[in-house]
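Beneath this line is the structure, given in structure tokens, with notes to follow.
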Amino acid sequence: MPSNFRGRRATCAARAAWLGSALVLAPAARAHTPGDPTQTLPEVVISGHYDNAVGTSNAASQGTINSKLLVTRPALRPGEVLEFIPGMIVTQHSGDGKANQYFLRGFNLDHGTDFATFIAGMPVNLPTHAHGHGYTDLNFLIPELIDRIEYRKGPYFAANGDFSSVGSAQIDLRRSLAAGFGQATIGPNGYRRMLAADSLVLGNGGRLLAALELQGADGPWENPQNLRKHNAVLSYSAGTRADGFAVTLMGYQSRWNSTDQVPLRAIESGLIGRFGAIDPTSGGDTSRTSVSGEWRRPLEDGSMKASAYAIRYRLGLYSNFTYALDNPVDGDQFLQRDSRSVFGGQLARVWYSRLGNLPMTTELGLQTRFDRIQVGLFDTVAREVTATTRDDRVRQGSVGFYAENGITWTDWLRTVAGVRVDRLQWQVASNLAANSGSESASQVSPKFSAILGPWHKTEMFLNWGQGFHSNDGRGTTIRVDPSTGDPTPRVTGLARTTGYEIGLRSEPVRGLQSSLAIWRLTIGSELLFVGDAGATEAGRPSQRQGIEWSNRYIAAPWLLFDADLALSQARFTDGDPAGDRVPGSVAKVGSVAVTVRDLAHWSASLQARFLGARPLTEDGAQMAASTTLVNARVGYRVNRQAELSFDLFNLFNRRVNDIEYFYASRLRGEAAPVGDRHVHPAEARALRVTLRLTI
């Protein structure tokens, strides 16, 4: 949410942190061109948890997490499945129906900007969104249906376009279940969740999978969030992922009351409790319905793949971050409304061939997307609209073409060179005629990677690439500030990003994989459209750099260890006397996890996650405190059909904050604005119990 403020509203835009790598028990392997059948792939003996053997990726910060690992740890919210990506931190500063806050590679990614997420072949990030450009709401995801998560960091991959400068995640869903199941979860503060899922094989060999989720929760908040969530998935598939297709229908809706971040002075003075609210009428409702299809076919000289999707989305979000700063009588609550239809797809062709005697892989791809958006910002009092700040109809389209070529030059050297061409176009019809218009922007983004090795189960990576950060379409045509009527500058449609990385992946002892990456990312401009104010906000060029160290160790078939550490530095590079610190940029992130599985009837996991201190102001005078949280899970299989699990969140009941900001606000009765920390506390210790029955 607000990382800084302009005039009357808090901006909800920022950036993010880092990702990581993976593990496998695998013998040394020849370097290979991925997908080339003439090469011998390394044997992966990893019990279904990791798929990241030496010789199978193009960067040290690339990897895959499989479903067997995903089920070993508890998740307070669906979006926290992304915390399996090394270095990723997922928090919340509002109600649980709202998109999470993400941190990665020295960035406060806000609600998803610069990290691209895909589920079942569909993009999740929403451009030109009412609340924040790139808004990534994962609450429609049912974690138990995830088959695998493939993640990449940096702008080094030609197939990745908008929102992916920091990284991306492709989330594949299961197409069938070994057995149907039903489960029920209860916890404190009115938490209850029911999930039922099953699959069956049809007479023609196709598979049908269905799942239904119902959830309610009040949370520890003095103003109960009264979350009501309904979720459903229905998919039909045939063949395999390499040679087959899947069609998936998804439907989701929820509503909630929210306790947004609150000023620290209100807590310290006793005006509200630690879990209290200033405006108890804040909250929202949202819905998302989609149909998507994925198809792959192997060919004699390569393969083809295609996907298509259609999404219908709606959000109504009531927020109040400054309380009575602009309107001492009625308060500063506002409504952000977003209603859109999204259509798109992609087509890619891969060829396996030779350059002389050298194995070579070439891929060409075309991606397209069109958003038909109605988006608005309104003043409200207790969720009743009192005035319109701006109301827009936006048509946003994008086309991306990419080409990538990989060549295995020797047993110890292969290269991957690529280029991506993107064109985006915006057409804005605003209630203020001066802010209407059309704009377009294009960019060519080259990429290159070199992979050396393996030598003694060790390989090195050199990665370089350019990408882009797109901006809100309304910012490309704006001329007048809708709140003040003052002239305001327009933003560029695309801002170039450039990334560098040197990495190493090694398996020094059996069962241990360690990855090290040294990286740098520069952004020419971080111009933003401030959804909370309906206007543009001038950003500054920046540079981030860091070191990531990721480790996976299978000590025994029943015992796994994970340890990740990321250090980063974020600085503005324009010499502005205001300071060079990037608000919200996290310098240290770490996690350690121990997992015991299938030990007689028992399984267990213990995870500690560390989020380091970070500046809240450009001069570094205000700093957010570091936080450490520990979660645990214990599972007991009663018999072949029944299993109990106990999830304990915030094991040591730490009084820490999920998020902190520093900005000016005014409470009722205060004579003038007050610059203060605004915090959203992490939830207190909570135990959830789940009973799962297998059909």
Inset, instruction - Hey, could you grab the Kirkwood Rh for segment 102-176? Inverse mean 1/r over distinct alpha carbon pairs, Å, one decimal. - result: 12.7 Å
Inset, instruction - For segment 566-668, give the magnitude of the charge dipole about the Cα centre (Cβ charges: +1 Lys/Arg, -1 Asp/Glu; no others), in debye to the nearest 20. - result: 480 debye
Legend entry - Derived scalar couplings ³J(HN,Hα) [segment 563-579; Karplus, 6.51 cos²θ - 1.76 cosθ + 1.60; whole Hz; x for Gly, Pro]: 8, 10, 9, 10, 10, 8, 9, 10, 9, 6, 10, 9, x, 4, x, 5, x
Inset, instruction - Add +1 for every Lys or Arg and -1 for every Asp or Glu among the other residues with Cβ under 11 Å from the Cβ of residue 370, and state the total. - result: +3
Legend entry - Cα gyration tensor shape of segment 110-263, rounded if a/c is under 1.5, else prolate or oblate by comparing a/b with b/c: oblate
Inset, instruction - Output ³J(HN,Hα) for segment 380-391: one whole-Hz value per residue in order, computed from phi by the Karplus curve 6.51 cos²θ - 1.76 cosθ + 1.60 with θ = phi - 60°, and x for Gly and Pro. - result: 9, 10, 6, 6, 9, 5, 10, 7, 10, 7, 7, 9
Legend entry - Karplus-derived HN-Hα couplings along segment 657-672 (A = 6.51, B = -1.76, C = 1.60, θ = phi - 60°), whole Hz, x at Gly and Pro: 10, 5, 8, 9, 9, 10, 6, 8, 9, 9, 8, 4, x, 7, 7, 8
Inset, instruction - Could you compute the FRET efficiency for residue 431 and residue 240, with r as their C-beta to C-beta distance and R0 at 35 Å, rounded to 0.05? - result: 0.10
Inset, instruction - Compute the whole-percent fraction of alpha carbon pairs in the chain spaced more than 52 Å apart. - result: 6 percent
Legend entry - Shape of segment 379-449, Cα gyration tensor, a/c cut at 1.5: prolate
Legend entry - Net charge contributed by nearby residues that have their C-beta within less than 14 Å of residue 518 (K/R +1, D/E -1): +3
Inset, instruction - Using +1 at the Cβ of each Lys and Arg and -1 at the Cβ of each Asp and Glu in segment 4-694, identify which of 568, 210, 85 lies farthest towards the dipole's positive end. - result: 210
Inset, instruction - Could you tally the net charge around residue 644, taking each other residue with its Cβ under 10 Å from the Cβ of residue 644, Lys/Arg +1 and Asp/Glu -1? - result: +1
Inset, instruction - Set the Förster distance to 41 Å, then compute FRET efficiency between residue 384 and residue 304 from the Cβ-Cβ distance, nearest 0.05. - result: 0.15
Legend entry - Normalised contact order of the chain, rounded percent, pairs of Cα under 8 Å and 6 or more residues apart: 14 percent
Legend entry - Which of 437, 199, 689, positive extreme of dipole for segment 4-694 (C-beta unit charges): 199
Inset, instruction - Mind listing the long-range amide H neighbours of residue 106? Cut-off is under 5 Å, sequence gap 5 or more, other chains count too, H placed in the peptide plane at 1.01 Å from N. - result: 17, 18, 586
Legend entry - Highest to lowest packing among 412-419, 128-135, scored as the average C-beta count within 10 Å: 128-135, 412-419
Inset, instruction - Name the residues whose placed amide hydrogens come within less than 5 Å of the amide hydrogen of residue 228, ignoring near sequence neighbours (fewer than 5 apart) on the same chain. - result: 255
Legend entry - About the Cα centre, charge dipole magnitude for the chain (Lys/Arg +1, Asp/Glu -1 at Cβ), debye: 1060 debye
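Computed from the coordinates by the stated procedures, all read-outs in this text should not be read as laboratory data. In this text the structure is predicted, and so the values were computed from the model without any measurement. Glycine also receives a Cβ, built like all others from the backbone with ideal geometry; neighbour counts cover every protein chain displayed.
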